[in-house]
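Everything below concerns the one structure shown next.
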Amino acid sequence: MDSTAGHDTAEDLRAAGRLAHVDLLKTMLEKVNPAHCALLVIDMQNDFIADGGLISKDGRDTTEAKKLALRLPELLVAARQAGVLVIFVRNIYTTDHNLYLSDAWLEQAVRKRKGGYTTIPVCGPDSWGGDFYGEVRPLAGEAIVSKHRYSGFHNTNLDTILRANGIRTVVTTGVVSNVCVETTAREAFVRDYYVVLPRDAAAAYSIADHEQTLANIDRFFGEISSIEELCSIWRGSNSRNPAA
């Protein structure tokens, strides 16, 4: 239950405005303004979605991830046309001589991953498994951030790219909702970015896991939206600025 139900937030907003040192972004329209918004596309890679990838070898259901891959291109087109900063975040895990996988990571894999990361390579550099899935892939010149843990921020240049481009809001999309998408969204918030998660622009391997992430983000870390809402805002932004 929403603990704020029935609560008049007008005074809270006035107080927050007095306390903050910059103007609050109070509405979705303000938050996803292309002037200070980035779209993060997280881990849309063959190993996590495609038949023959890690997750399918694990025996898990990638149906929702495949459906997501059909929905995301519409959001990408709207974002690009509006001038939103688009950043692809990908994993690189398995390498010759094992540069990235720690003992703790490998022990967890032994207990939970049915050979993934140990006997089955995962998202190796320049591998099919690490390549982007289907039509969801960066255009020339778009930033690609490589990570080696669940968070898109951990030991990467993501924060540098966002700060250099004056970004205040990140829209988090991709797979899987309850792991890398949620971990990245949580860290974005604790780094003082506004977070928007479109409910139909992320996917998990179970509906329950996805819904739990939506509840967590909505309660503690950001705001839930939809592809339709964001496309409507960005298309409107583009139509008001023909030069965009």
query = Is there a residue being in a loop (DSSP other than H, G, I, E, B), open to solvent by less than 40 Å² (accessible area, probe 1.4 Å) and touching a Gly at 6+ places or on another chain (Cβ under 6 Å) anywhere in the stretch 128-144?
reply = yes
note = In the stretch 22-46, residues that are more than 19 Å from Glu182 (Cβ to Cβ) and in contact (Cβ under 8 Å) with a residue 40 or more places away in the chain total 10
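Can you spot a residue in the stretch 201-211 that is at pLDDT 95 or above, closer than 21 Å to Leu162 by Cβ and among the small types (Gly, Ala, Ser)?
Filtering the stretch 201-211 down to residues at pLDDT 95 or above leaves 201-211.
Going one step further and asking which of them are closer than 21 Å to Leu162 by Cβ, we end up with 201-202.
Applying the additional criterion that residues be among the small types (Gly, Ala, Ser) yields 201-202.
Yes: one or more hits.
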ask   = Would you pick out the residues in the stretch 56-76 that are more than 25 Å from Ser226 (Cβ to Cβ) and either acidic (Asp, Glu) or in contact (Cβ under 8 Å) with a residue 40 or more places away in the chain (or both)?
value = Lys57, Asp58, Gly59, Arg60
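Thr94: at negative phi, out of contact with any Leu (no Cβ under 9 Å at 6 or more places or on another chain) and buried (at least 17 other Cβ atoms within 10 Å of the Cβ), yes or no? I'd like the intermediate steps shown before the answer.
Values: at negative phi: yes; out of contact with any Leu (no Cβ under 9 Å at 6 or more places or on another chain): no; buried (at least 17 other Cβ atoms within 10 Å of the Cβ): yes.
Against the criterion (at negative phi, out of contact with any Leu (no Cβ under 9 Å at 6 or more places or on another chain) and buried (at least 17 other Cβ atoms within 10 Å of the Cβ)), Thr94 does not qualify.
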ask   = Where residues in the stretch 57-77 are surrounded by fewer than 14 Cβ atoms within 10 Å (Cβ to Cβ) and aliphatic (A, V, I, L, M), which of them is nearest to Leu39 (Cα to Cα)?
value = Val77
query = Restricting attention to the stretch 110-159, which residues are touching a residue at least 40 places away in the same chain (Cβ under 8 Å) and among the acidic types (Asp, Glu)?
reply = Asp131, Glu135, Glu142
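The values are calculated or read from the model by the stated rules, or taken from the named source; none is laboratory data. Keep in mind it's a predicted model, so treat the numbers as computed, not measured. We place every Cβ from the backbone using ideal geometry, glycine too, and count neighbours over all the protein chains shown. With ligands, DNA and RNA removed, areas are computed over all heavy atoms of the protein, side chains included. Shrake-Rupley method; radii C 1.70, N 1.55, O 1.52, S 1.80 Å.
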